[in-house]
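Take a look at the structure set out below.
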Amino acid sequence: MSWKDNLIKIQPYTAGEQPNKTDFIKLNANENPYPPSPRVLKAIREFNGESLKKYPNADAAPLAAALAKRFGLERENVFVGNGSDDVLALCFRAFFNSGKPVLYPDITYSFYPVWCEMLRIPYETVPVDGSFNIDSADYRRPNGGVVIANPNAPTSIGRELDFIRDILHHNRESVVIVDEAYVDFGGTSAIPLLKEYENLVITQTFSKSRSMAGMRIGCALGNKEIISALFAAKDSYNSYPMDSVAIAAGVASVEDEEYFAQTVSRVIASRERLSEELRALGFELPDSSANFVFAEHPKRSAREICEYLKTRDIYVRYFSKPRIDNRLRITVGTEQEIDALLGALNNFL
Ligand code: PMP
């Protein structure tokens, strides 16, 4: 018996590749191609560095207050964390303790099984149909919780409020997490349902629509008891996950609604163009409600296309996984990046 036998044995989440070079087109991690709001940059420039000698506000209170105001919620309904991955991990820890299996679709964000493994939470995946649609009727069985990404990733499909309502309606005894990482790009937020369902938790992120993936800000919205449980979980492993600079920059972002709306509409317009041109090249893809598309070419292998694009310094995401191993998840870039991508695809095909 060696100490090595006691090291954690887990297959960790694999993030999009970050090549060790500067001049390439990165469409593999669903980042925003535009910079954060000028107000965010100003807040960082003007940040009082001396204040770093003190711990940050443990509850990220200024940012939670700004978010509560924006969403028309109370301060007690908002939890802020170090990226929505951090918030989601805390949610799994805080809410899924029944011993019954947690349910989520077989094709969804691949971090969910990793948190379940790490936290020893039993889980069952529920197959989506051949068009990657989730059937809410599949979530009418005993469970220890439900997790739905809406819009879903990597499929890009967004669903209406009735779909989420149906899942909530049939799952009043467990916590239902709706992961809204991509909701700002045309999805429908479940925020209006918070008043009706006390077992609903919504998570959102600043990494996509707010162009702040490098800053690590995410949040959870829910009723008071849900949010208190998250604070208890946070304070049991790290009292200060949000640093002071991130709190200040986050507030500045939330206060610039105009820039946010403009950036989001630019990405949406480019997504529509990208989808149309990919279809013209023979690709098949569902209508996207996110800042990426999920495309397949009926005649060419996705792996091959992905490898070819790398030779042209364009990185897209390929998952070598059952049911989706002929698909590419392509992030919506700038218009020039899309031109380069389409040019390369045209050459390849
Ligand atoms: N949820 C989904 C569905 C995602 O795709 C991502 C991004 N990988 C996240 C959550 C986490 O994003 P972040 O930690 O940057 O907030």
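The numbers here are math on the coordinates, done by the rules we state, and not lab data. Remember, predicted model here, so these are calculated numbers, not experimental data. Cβ sites come from the backbone with ideal geometry, for glycine too, and all protein chains shown count toward neighbours.
Here the calculated FRET efficiency for residue 34 and residue 58, from their Cβ-Cβ distance with R0 = 41 Å, stands at 0.80, rounded to the nearest 0.05.
Assuming R0 = 22 Å, can you tell me the calculated FRET efficiency for the pair residue 140 and residue 162, based on Cβ-Cβ distance, to the nearest 0.05? With R0 = 22 Å, the Cβ-Cβ based efficiency is 0.90. Shown here for segment 114-194: trypsin sites (Lys or Arg not before Pro) in loop regions (DSSP other than H, G, I, E, B) with at most 14 other Cβ atoms within 10 Å, namely 120, 140, 172. Measuring spread by the Cα atoms of segment 295-349 yields a radius of gyration and Dmax of 10.8, 33 Å. Legend: ranking of residues 253, 136, 110 from fewest to most surrounding C-beta atoms inside 10 Å; resulting order 110, 136, 253.
Once you've got the Cα coordinates, tell me which of 69/195; 54/224; 26/299; 26/321; 42/69 are over 18 Å apart.
Checking Cα-Cα distances, 54/224; 26/299; 26/321; 42/69 exceed 18 Å.
Computed extension length for residue 193-residue 281: 27.6 nm, one decimal, from 0.36 nm per residue of separation with the Cα-Cα distance subtracted. Taken about its Cα centre, the chain carries a charge dipole of about 640 debye when Lys and Arg each add +1 at the Cβ and Asp and Glu each add -1 at the Cβ. Annotation note: trypsin sites (Lys or Arg not before Pro) in segment 281-330 located in DSSP loop regions with a Cβ neighbour count of at most 13 within 10 Å are 299, 323.
Each stretch of four or more DSSP H residues adds -39500 (n - 2.57); spread over every residue of the chain, this sum gives -10500 deg cm²/dmol at 222 nm. When both segment 289-349 and segment 85-118 are represented by their alpha-carbon centers, they are found 29 Å apart.
Where both bridge residues fall in the chain, DSSP classifies roughly 50% of the beta bridges as antiparallel.
What does the convex hull of the alpha-carbon atoms of the chain project to on average, in nm²?
Details: hull surface 77.5 nm².
Mean projected area for the chain: 19.4 nm², to one decimal.
When every Cα-Cα distance of segment 261-301 is counted in 10 angstrom steps from zero, the calculated P(r) takes the values 30, 48, 18, 4 percent. As a proxy for reagent exposure, 306, 219 were ordered by neighbouring Cβ count within 10 angstrom, fewest first; the result is 306, 219.
Ranked by how many other Cβ atoms sit within 10 Å of their own Cβ, fewest first, the residues 177, 121 fall in the order 121, 177. What FRET efficiency do you get for residue 75 and residue 120 if R0 is 45 Å and r is their Cβ-Cβ distance, rounded to the nearest 0.05? Approximately 0.85, to the nearest 0.05.
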